[in-house]
Structures are given as structure tokens and as C-alpha cells.
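To start, the structure under review is shown below, and the notes come after it.
The values are calculated or read from the model by the stated rules, or taken from the named source; none is laboratory data. A quick note: this is a predicted structure, and the numbers were derived from the prediction, not measured.
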Amino acid sequence: MKKEKTYNLDERGSRRPFTVPEGYFENLTQNIMASLPEQESIYSTRTTVTTWMRIKPYLYAAAAFAGIFFCIKAAVGISSRNNASEVAKAEETTIYSDEYIDSFLETSMIDDYTLYYTLVNAN
């Protein structure tokens, strides 16, 4: 087996083992551009604008406004259902006249016990 040689950077000091030729970075860009082959651009600089490309932003904006409209409509619909339930509760607690209650009890087939039981449990 070969014994690997280890290098200690402290022993070498500030001396660098590699050097760059004089003027290498000054002409680097020009040398690279000169070595590249001439080739026409694959992409044309002129793009054709179709009707769909013109309409697309307006269509997206209309869809966004329609979505916002339906979300607001749903939120208002939910609150109107809550208002409807409040109206129904208000109708349940409406004060009726004694004549109306008497005629209702006479025509309904409720005995006195059921009526008293219902009134006691209503509170």
C-alpha cells in the first residue's frame, strides 16, 4: 500500500501553488464570445397576440368578481335565514286575545290535565 502524503497548510505559508497567466481575466469575456459558434435565435422576438390572449385578463377579472358576488350573496342569505328564525320566534310569542284562546281550546280536543301539564312545562 502506498502511504498517502498529507499536506499541512502552515508549512507552505502564504505561497500559492497555482498561478494565473497575465491578462487572463481582462480578455476572458471576449475570448469566450469568440469561441462560441454563431447561431440564430430559436425564439422569435415578435409574438403574435391572439384574441384569447386579449380576452383572458377580462375573463379572469369577471370570474373573480362573480366569485366575490356569490360569496357575499351566500353570507347575506345565511343572515336572512337567521332573521327568518327570529321572526318565527316572535310569532310564537305573540300575545293572543282571550277570545281567540277560548275558541281554540274549545275546538281542540285537549283535556284539562294536558293543558295544565303543557303550561307548567312551558316555563
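The single condition from (1) modelled with pLDDT of 90 or more; (2) over 22 Å from the mean Cα position of the chain (by Cα) that Ala61 fails is (2). One residue alone among Ala88, Ala66, Ala75 is in a helix (DSSP H, G or I), within 57 Å of the chain's Cα centre (by Cα) and at pLDDT below 80, and that residue is Ala88.
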